[in-house]
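K.L.:
Here it is: the structure, laid out below.
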Amino acid sequence: MTPFYLSKPYEPPQAPQNLPLNEPWALFGGISPDSFMKQYWHKKPLLIRGAIPAFALATQNGECLDSPISADELVKLASKDNIESRLIKAKPWSFDAGPFSKKAIPSLGKSNWTLLLQGMEAHHQAAAKILSWFRFIPDARLDDLMISLAGIGGGVGPHFDSYDVFLIQMSGRRQWQISKQKDLSLSPNLPLKILQRFKAEHEWVLEPGDMLYLPPHIAHYGIALDPGCQTWSVGFRSPSFKELLQEGLWRLAESLEEIPELERKFSDPLQKATANAEQLPEELVKQLTLKLHELKLNQIDRFLPGITAYLSEPKQQALFDGPIKPLNPSRFNKQLGSKKLLPSPQTRILSLGNEVFCNGENMSKDQAKDITQAWRTLSSQKGLLSQKIQATAQSSLYVAYLAGWLVFET
Ligand code: SIN
Ligand code: CO
């Protein structure tokens, strides 16, 4: 047995820019992302032993790999107020929301507790690198990487999620039980959403490097078997149609501000004397119908920019710090030739055709060609190195740099 002090943190690699979508991946047990999406995504669970082969390889070489982030580091992160954290205890169930002082978190030797930390990709390079492996799924679907740290017996209870999740075992072992049960009723009077009647259909013990994929609504129950058990969950989001339409519609309504012609008042020189004065005038309906048609307000293309802007909004907790000593535009342009400009870890960038949206704003609007091209590169490659950019003080690229949305690689 390898002595504990020899364990070293696993260093996940950044995924290559062009992911090989139809080649076998160890991450999916030897099937390609193409096949994974066809056979499993949103359809059925998949257990992958040795999804991260580095863990088993290290053991074969008499070494011991551990999570890229130590338990101590996670406990420290839980004290930050810009990180969403939760502490869940079992027997009896209790729930607290962070931030937590070190003292508030049980020691690793204690049982029946788990600490959950959301959005870890913004706070640790290793978490961001693991997320890069999943960029064969649209960025708009990705939510975040959550890390759970637990003492023996720790877990969040039997439950179901409404989203797809990849559960990667990173330290210690965790037992997972899952069920396709239809009965998803929850126990009343508990501070957590725990299934009233959970009947396990499959059970596995996951070792570091193993991964379990679960589509939405599969009942599951994970119990930590070792002190300091860490599970990294890559989670996805799928907004409701209500949310998408409401967000799209109000942004569309706001965009009407930019059409001066709409200030013109409704006029009705053709209005006839009417016996039904209480009715909305037909003439108004006629002119409004024409306007809606003219402005293409009944067409999907008019909604999509607002929806893309919405989906590119950062998480509520996101904080951006601009550079302490900002470069002026000409130095900024020069630096772009030698240093990579990256989205800050909490920045979200999404594209709609050639338009690019960053943290809720349209970055391509009224911009010079080189700037829109730069945003397209940032959106697809999550990085930009170029000698050709001539940003001015007003360019959206430079403004985003000043806001701390984009940062130079250090
Ligand atoms: C955990 O890591 O303990 C919980 C993850 C989940 O069940 O979604
Ligand atoms: Co879950």
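The values are calculated or read from the model by the stated rules, or taken from the named source; none is laboratory data. Here the structure is a predicted model, which is why all the values come from computation and not from measurement. A quick note on method: Cβ atoms are made from the backbone with ideal geometry, for glycine too, and the neighbour counts reach across all protein chains shown. All accessible areas refer to the heavy atoms of the entire protein, side chains included, with ligands and DNA or RNA removed. Shrake-Rupley method; radii C 1.70, N 1.55, O 1.52, S 1.80 Å.
K.L.:
So, in Å, what gap is there between the alpha-carbon centers of the range 123-168 and the range 274-338?
P.N.:
That distance is 31 Å.
K.L.:
To continue, here is another question. With a probe of 1.4 Å, find how much accessible area the range 141-235 has per residue, and write the answer as a whole number in Å².
P.N.:
Averaged over the residues of the range 141-235, the accessible area is 37 Å².
K.L.:
Here's another thing I want to ask about it. Taking the Cα centre of each part, how many Å lie between the range 50-103 and the range 368-393?
P.N.:
Using only Cα atoms, the two centres lie 37 Å from each other.
K.L.:
May I pose another question? If r is the Cβ-Cβ distance from residue 60 to residue 137 and R0 is 30 Å, what FRET efficiency results, to the nearest 0.05?
P.N.:
0.45
K.L.:
Oh, and also: For a paramagnetic label modelled at 7 Å from the Cα of residue 103 toward its Cβ, which residues of the range 64-79 fall within the zone defined by backbone nitrogen distances under 16 Å?
P.N.:
Of the residues in the range 64-79, 79 have backbone N under 16 Å from the label point off residue 103.
K.L.:
Extending each Cα 7 Å along its Cβ direction at residue 226 and residue 187, get the distance between those two points in nm, one decimal.
P.N.:
A separation of 2.8 nm, rounded to one decimal place.
K.L.:
Which trypsin sites (Lys or Arg not before Pro) from the range 284-380 combine a DSSP loop assignment with at most 11 other Cβ atoms within 10 Å?
P.N.:
Here the sparse-neighbourhood loop sites are 296.
K.L.:
Could you tell me which GluC sites (Glu not before Pro) in the range 208-316 are loop residues by DSSP with no more than 11 other beta carbons within 10 angstrom of their beta carbon?
P.N.:
278
K.L.:
Here's another thing I want to ask about it. R0 = 56 Å: FRET efficiency of residue 37 with residue 277, Cβ-based, nearest 0.05?
P.N.:
0.40
K.L.:
Provide 163, 213 ordered by accessible surface of protein heavy atoms (probe 1.4 Å), highest first.
P.N.:
163, 213
K.L.:
Here is the link list: 8/129; 129/369; 340/369; 334/369. Which ones come out longer than 24 Å on Cα distance?
P.N.:
Distance filter (> 24 Å) returns 129/369.
K.L.:
Using DSSP to define loop residues, name the trypsin sites (Lys or Arg not before Pro) in the range 207-253 whose beta-carbon has at most 13 other beta-carbon atoms within 10 Å.
P.N.:
Filter output for the range 207-253: 237.
K.L.:
Could you state how much accessible area residue 44 has, in square angstrom rounded to the nearest 10, with a 1.4 Å probe and all protein chains kept in place?
P.N.:
90 Å²
K.L.:
Of the peptides 187-198, 84-95, how do they stack up when ordered by the mean number of other Cβ atoms within 10 Å, highest first?
P.N.:
Result, highest mean first: 84-95, 187-198.
K.L.:
Pop out the carbon and sulfur fraction of the accessible area of the chain as a percent, whole number, probe 1.4 Å.
P.N.:
Accessible surface attributable to carbon and sulfur in the chain totals 54 percent.
K.L.:
Then there's this: 7 Å from Cα along Cα→Cβ at both residue 82 and residue 331: what's the point-to-point distance in nm?
P.N.:
That separation, rounded to one decimal, is 2.3 nm.
K.L.:
For the range 336-405, give the magnitude of the charge dipole about the Cα centre (Cβ charges: +1 Lys/Arg, -1 Asp/Glu; no others), in debye to the nearest 20.
P.N.:
Working: 8 positive and 4 negative charges, 52 e Å.
Using only the charged Cβ atoms, the result is roughly 240 debye.
K.L.:
Between residue 270 and residue 255, what is the spin-label point distance in nm, taking each point 7 Å from the Cα along the Cα→C-beta axis?
P.N.:
Computed distance between label sites residue 270 and residue 255 equals 2.9 nm.
K.L.:
While we're looking at this one, here's another question. Okay, helix-only estimate at 222 nm for the chain: each DSSP H run of n ≥ 4 adds -39500 (n - 2.57), divide by all residues, round to 500 deg cm²/dmol; what do you get? If you can, show how the numbers build up before the last one.
P.N.:
Values: 10 runs with 98 residues, N = 410.
Per the formula, -7000 deg cm²/dmol.
K.L.:
Continuing with this model, one more query. Once R0 is set to 56 Å, what does the formula 1/(1 + (r/R0)^6) return for the Cβ-Cβ distance between residue 8 and residue 294, expressed as a FRET efficiency to the nearest 0.05?
P.N.:
Values: r = 65 Å, r/R0 = 1.16.
With a Förster radius of 56 Å, E is 0.30.
K.L.:
Something else about it: Give the cross-link partners of residue 286 among the lysines, using a straight C-alpha distance below 26 Å as the criterion and excluding same-chain residues fewer than 8 apart.
P.N.:
Excluding near neighbours in sequence, the set is 265, 272, 296.
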